[in-house]
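**Q** Here it is, the structure, as structure tokens.
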Amino acid sequence: MTRRDQANALIREGHMSLAPIAANLGFSESTTFSQAYKKRAGVAPSEARLALSRS
């Protein structure tokens with residue numbers, strides 16, 4: 001499983017804030033994780049969480 005897949009799974013679960021998700025994925029700062037996620041996915045992790053919770 002890639003870090004992107006892991007990020008999506010953790011975001012979809014919805015019980016962790018972004019800081020622990022970032023730490024689980026090896027990011028020292030949640031802002032760095034958010035920037036990397038947005039660069040790859042095209043949306044911020046918080047936006048992805050909202051979209052995933054609606055589907």
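**Q** For the chain, with equal point scatterers placed on the C-alpha atoms only and solvent neglected, what are the log10 I(q)/I(0) values from the Debye formula at q = 0.21, 0.30, 0.31 1/Å, to two decimals?
**A** -0.68, -1.42, -1.49
**Q** S17 to D5: extension gain in nm, 0.36 nm per residue of separation minus the Cα-Cα distance? Walk me through the numbers on the way to the answer.
**A** Values: separation 12, 0.36 × 12 = 4.32 nm, distance 1.68 nm.
Between S17 and D5, full extension yields 2.6 nm more.
**Q** OK, next. Only helical DSSP H runs with n ≥ 4 go in: add -39500 (n - 2.57) per run for the chain, normalise by residue count and round the 222 nm mean residue ellipticity to 500 deg cm²/dmol.
**A** Details: 4 runs with 40 residues, N = 55.
Calculated from helices alone, the mean residue ellipticity at 222 nm is -21500 deg cm²/dmol.
Read the figures in this text as sums done on the coordinates, not as results from a lab. Just so it is clear, the structure is predicted and the values come from calculations on it, not from any experiment.
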